[in-house]
Amino acid sequence: MITAQQKQKTQAYLDAADREFAAGDPLAATERLWDAVVCNLSAVAELHAWPHANEDELYAVAERLNELDDDPNEFILSGFSAASYQPDKVRYGFFDMNDGCDDDARLIANAVINLTQELAQRYDHTPAKSAR
């Protein structure tokens with residue numbers, strides 16, 4: 001199970017993202033949202049002694065969790081990818097806070113975090129099938 005301390009660390013990143021959005025810095029904000037997702041997936045990986053040193057290994061963690069989910073839409077994988085690309089959307093000019101992109105970025109990060117925590121709790125002792 002993800003510890004309270006790990007959840008607090010994830011929440012600290014989410015709070016920092018809110019402050020950055022309020023300050024008008026969407027790049028820093030989306031980077032903090034991504035940090036929150038990474039922190040949360042890393043907590044799950046540490047519980048299971050899964051590798052999680054880079055983005056590819058974190059994606060493998062998301063794949064393992066996805067295998068435990070009964071949702072055929074594979075949101076955790078698409079959400080992981082969407083969250084990872086939010087800072088690039090800002091860098092390349094495809095992120096408009098006046099158009100609700102900040103709300104979308106928050107929604108994606110929070111959905112991935114919430115689903116990760118739910119799956120980690122629900123399947124705390126169930127091994128995933130992935131060979132990664």
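Table: residues versus (1) of a type in the set (D, E); (2) at pLDDT below 90; (3) under 25 Å from E20 (Cβ atoms).
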position: E74; (1), (2), (3): yes, yes, no
position: A82; (1), (2), (3): no, no, yes
position: K89; (1), (2), (3): no, no, yes
position: Y92; (1), (2), (3): no, no, yes
position: D99; (1), (2), (3): yes, no, yes
position: L107; (1), (2), (3): no, no, yes
position: Q121; (1), (2), (3): no, yes, no
position: D124; (1), (2), (3): yes, yes, no
position: P127; (1), (2), (3): no, yes, no
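Restrict the check to segment 22-41 and report whether at least one residue is among the basic types (K, R) and surrounded by fewer than 19 Cβ atoms within 10 Å (Cβ to Cβ). No: zero hits. If the condition is being surrounded by fewer than 17 Cβ atoms within 10 Å (Cβ to Cβ) and among the aliphatic types (A, V, I, L, M), then segment 49-67 contributes A49, A53. Please work out if R106 is touching a residue at least 40 places away in the same chain (Cβ under 8 Å) and exposed (fewer than 14 other Cβ atoms within 10 Å of the Cβ). It is false that R106 is touching a residue at least 40 places away in the same chain (Cβ under 8 Å) and exposed (fewer than 14 other Cβ atoms within 10 Å of the Cβ). Contact annotation: residue pairs with Cβ atoms under 6 Å, 6 or more positions apart or on different chains, pairing a residue in segment 37-51 that is over 18 Å from D15 (Cα atoms) with a partner that is surrounded by fewer than 19 Cβ atoms within 10 Å (Cβ to Cβ) and among the charged types (D, E, K, R), are P51/E57.
The values are calculated or read from the model by the stated rules, or taken from the named source; none is laboratory data. Since this is a predicted model, take the numbers as computed values, not measurements. Cβ coordinates were reconstructed from backbone atoms using ideal geometry, including for glycine residues, and neighbour counts include every protein chain displayed.
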